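The values are calculated or read from the model by the stated rules, or taken from the named source; none is laboratory data. Keep in mind it's a predicted model, so treat the numbers as computed, not measured. Backbone-built Cβ (ideal geometry, glycine too); neighbour counts: all protein chains shown. These accessible areas exclude ligands, DNA and RNA; they are computed on the full protein's heavy atoms, side chains included. Shrake-Rupley method; radii C 1.70, N 1.55, O 1.52, S 1.80 Å.
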Amino acid sequence: KKHEAIGDEVRQGIWLALFLSVIGCLLLLFPQMLLDIAKAPPALEERVREYLRLLALALPATLGFRIYASLNTATSRPRMVMLIQVAGLLAKIPLNALFIFGAAGTLGIPALGTPGCAIATAITAWLAVGVAWVIVRRGEHYQPFKLFGSGLGRPVWRAQAELLKLGVPMGLSYLIEVTAFTFMALFIARMGSNMLAAHQITGNFGTVLYMLPLSIANATGTLVAQEIGAGRLAAARHAGKAGVRLGALLAVTVGLLVWLSRETIIAGYTPDAKVAAAAMPLFFFIAFYQLFDSWQVGTAYVLRAYKVATVPTIMYAVALWGMGLGGGYLMGFNVLGGTPAMLQGAAGFWLGNSLSLAIVAAALSWYLRHIQRIQEAEDRALRG
């Protein structure tokens, strides 16, 4: 019930969002260093540069909305966040069409092509954060937090350091996951366009499926954190176990459905028989790794509820970059010889990724039990 302390945290989050907006906008406005790494053709590079500069307009609003979303999630009120985001999606579809293709005859808006997407993104981002602002200012639920009773106040550097202490490792864990998949695609691209297309289909559908265990993990982490904050460590342990088990049960169910429906799903992506044939065996790995993916993400979010993020990030790096990417490279390209034919190509990378998720899930579970034993021992000593 430390409501005003919640308000203090939110205000420090706003300051951090402002600092990050400055850094992010500078990168988007002056992206040449990043474009040099990509080595895109000059004509494409100019369009990308224009797109990124316009996208800078959206960044402050996007980070601002993340604060609202995080506050609502932490206080068990995610429904309005969902409604605003769904409304934003519904608004962005016609806005994309308007700015990409233009409406010179009726509204005098020229066809902007790809950069038009950035304008649509900026508009929807500012609309979303505007609605969130009104809700926070007027909503009865937010009044006990006294978010704006005395203004924004000053940045407190100790609080900023605490936010970064958790936020940077959490952000790096996302970066590790994304780069592992990015480099998989780069390596698989060497195997030909059909294999790359099959990988992209598999990866895209896997990303969609990941939203289910991710949402369960987010909810689990929130409930565990609330129990820890209330001093109910036994209830926190129970909530964590229940959430991870629920995620795993749903993942196994989804995995079986995907395997049984794989032909229909792939047909929805491509009419090309060669691409479909290359994607078919990869869908086994989607069905296979759902269990490990839900297990690891659920456990990681429970650890975040205990304010533990650095060690899990190191585990992610070792498993996903080492076993996942490194092992996948060895199998996919048959570097050492002796790799079965069925595991050469993209299948080797997907097997490596699946095994790495299993390893990181087991390691995170062990570490979670270790953290829980330490916290429960400290709690007994304090009560003792």
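For the range 70-140, averaging the sequence separation of C-alpha pairs within contact (under 8 Å, six or more residues apart) and dividing by the residue count gives a relative contact order of 25 percent. Counted residue by residue at 0.36 nm each, then reduced by the alpha carbon distance between them, the extension gain from residue 267 to residue 193 reaches 24.9 nm.
Across all C-alpha atoms in the range 61-212, the radius of gyration and Dmax reach 20.4, 61 Å. Backbone geometry of the range 122-131 corresponds, through the Karplus equation with coefficients 6.51, -1.76 and 1.60 at θ = phi - 60°, to 3J(HN,Hα) couplings of 5, 4, 5, 5, 6, 5, 5, 5, x, 5 Hz, x marking Gly and Pro. Rounded to the nearest 500, the helix-only mean residue ellipticity at 222 nm of the chain stands at -26500 deg cm²/dmol, with each DSSP H run of n ≥ 4 adding -39,500 (n - 2.57).
Remark: the chain projects, on average over all directions, an area of 23.1 nm² (convex hull of Cα atoms). An ellipsoid equivalent to the range 94-166, defined through the eigenvalues of its Cα gyration tensor, has semi-axes of 39, 18, 9 Å when rounded to whole angstrom and sorted largest first. Using C-alpha pairs below 8 Å separated by at least 6 residues, the relative contact order for the chain is 15 percent.
Please calculate how many Å² of accessible area the chain carries per residue, with a 1.4 Å probe and no DNA, RNA or ligand atoms counted.
54
Placing a label point 7 Å from the Cα of residue 5 along the Cα-to-Cβ line, the residues of the range 205-233 whose backbone N sits under 11 Å from it are 229-231. Under 14 Å from a point 7 Å along the Cα-to-Cβ line of residue 274: which residues of the range 189-204 have their amide N that close? Of the residues in the range 189-204, 191-198 have backbone N under 14 Å from the label point off residue 274.
The residue list 199, 84, 121 was ranked by how far each Cα lies along the charge dipole of the chain toward its positive end, using unit charges on Cβ atoms, and 84 comes out on top. Along the axis of the charge dipole computed for the chain (Cβ charges of +1 for Lys and Arg, -1 for Asp and Glu, origin at the Cα centre), the listed residues 339, 365, 26 are led at the positive end by 365.
Spin-label pair residue 186-residue 342: with each label point 7 Å from Cα along the Cα-Cβ axis, the two points sit 3.1 nm from one another. The slack in the chain from residue 321 to residue 378, taken as 0.36 nm per residue of separation less the alpha-carbon distance, amounts to 17.0 nm. Coupling constants for the range 198-208 follow from the phi torsions by the Karplus curve (6.51 cos²θ - 1.76 cosθ + 1.60, θ = phi - 60°), and in residue order they are 4, 5, 5, 4, 5, x, 5, 5, x, 5, 4 Hz; glycine and proline get x.
Between residue 109 and 103, 104, the built amide H atoms are under 5 Å apart, and every one of these is 5 or more places off in sequence or on another chain.
For the range 1-148, the share of alpha carbon pairs falling in successive 10 Å distance bins from zero is 11, 32, 30, 19, 8, 1 percent.
Values of log10 I(q)/I(0) for the range 148-231 across q = 0.10, 0.14, 0.16, 0.24 Å⁻¹ run -0.49, -0.78, -0.88, -1.18, by the Debye formula with one identical scatterer at each alpha carbon and no solvent. So, in Å, what gap is there between the alpha-carbon centers of the range 180-211 and the range 291-363? Cα centroid to Cα centroid, the span is 15 Å. Counting only heavy atoms of the protein chains and using a 1.4 Å probe, residue 307 has close to 150 Å² of accessible surface.
Principal axis extents of the Cα atoms in the range 233-328, from largest to smallest and rounded to whole angstrom, are 54, 30, 16.
Across every direction, the projection of the convex hull enclosing the Cα atoms of the range 55-102 has a mean area of 3.6 nm².
Computed from label points 7 Å out along Cα-Cβ, the spacing between residue 111 and residue 26 is 3.9 nm. Counting only protein heavy atoms and a probe of 1.4 Å, the accessible surface of the range 229-299 is 70% carbon and sulfur. Near residue 12, within a Cβ-to-Cβ distance under 15 Å, what is the net charge of the other residues, with Lys and Arg +1 and Asp and Glu -1? Result for the neighbourhood of residue 12: +3. Quick check: at a probe of 1.4 Å, how many percent of the accessible area of the range 321-384 sits on carbon and sulfur atoms? It is 65 percent, rounded to a whole number. In sequence order, the range 26-33 has phi-based couplings of 4, 5, 6, 6, 10, x, 4, 4 Hz under the Karplus curve 6.51 cos²θ - 1.76 cosθ + 1.60, θ = phi - 60°, and Gly or Pro positions carry x.
Highest GNM mean-square fluctuation, the chain, Cα pairs closer than 10 Å: which of 357, 112, 172? Greatest mean-square fluctuation among the candidates belongs to 112. With a 10 Å cut-off between alpha carbons and a GNM built on the chain, which of 227, 50, 140 moves the most? Highest fluctuation among the options: 140.
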